[in-house]
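Please treat every number below as a calculation from the coordinates, not as lab data. What you are looking at is a predicted structure, and each value in this text was computed from that prediction instead of being measured. Heads up, the Cβs are rebuilt from the backbone with ideal geometry, glycines too, and the neighbour counts pull from every protein chain shown.
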Amino acid sequence: MHRLYPVIRVLSLVILMFGLTMLLPLAVSWTQHDGAEGAFDEAILLTISTGLGLWYATRKEQRDLTIRDGFLMVALVWTLLPIYAGLPLVLQLNVSFTDAYFEAVSGLTTTGATILS
């Protein structure tokens with residue numbers, strides 16, 4: 001498990017930064033008064049707290065990432081970030097997890113595919 005700590009440390013920073021980028025849609029939601037502020041608040045809180053918690057747990061790890069760690073890092077980022085990106089859809093629109101995950105992957109990859117009407 002200690003071997004994964006450098007990957008988790010970097011992943012935690014990616015999750016934390018992603019949570020901070022979610023502040024922009026929160027600001028837009030707040031200025032537009034569209035009623036999604038609560039969903040963004042909860043999603044941001046969960047994302048940032050997860051990132052901080054993982055970082056705190058692995059903060060003392062100083063080993064550099066290897067190429068193998070890099071492959072794992074990319075796989076984990078593309079697997080986990082859509083979960084956090086889909087949280088506002090699940091919380092606000094009551095979309096199923098799989099639909100929200102699909103929409104989040106579509107949004108993060110900018111493919112434009114959608115299953116929502």
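Using Cα pairs closer than 8 Å and at least 6 residues apart in sequence, work out the relative contact order for the chain, in percent.
On the way: 113 pairs, mean separation 33.7, N = 117.
Computed over the chain, the figure is 29 percent.
Starting from 0.36 nm per residue, how many nanometres of slack lie between Thr21 and Ser96 once their C-alpha separation is accounted for? Show your work: numbers first, answer last.
Values: separation 75, 0.36 × 75 = 27.00 nm, distance 2.33 nm.
Stretched out fully, the Thr21 to Ser96 stretch lengthens by 24.7 nm.
If you count, for each residue, the other Cβ atoms within 10 Å and average over each peptide, how do 108-114, 93-99 line up from highest to lowest? All intermediate terms of the calculation are to be shown ahead of the outcome.
On the way: 108-114: 9.9, 93-99: 13.0.
Taking the mean over residues of other Cβ atoms within 10 Å, the ranking is 93-99, 108-114.
I'd like the Karplus ³J(HN,Hα) series for segment 55-64: coefficients 6.51, -1.76, 1.60, θ = phi - 60°, whole numbers in Hz, and an x wherever there's a Gly or Pro.
5, 4, 5, 10, 5, 8, 6, 10, 5, 6
Using the scaling law 2.2 N^0.38 Å as the reference, what is the normalised Cα Rg of segment 4-117? Mind showing how you got there, number by number?
On the way: Rg = 15.3 Å, N = 114, 2.2 N^0.38 = 13.3 Å.
After normalising by residue count via 2.2 N^0.38 Å, the value is 1.15.
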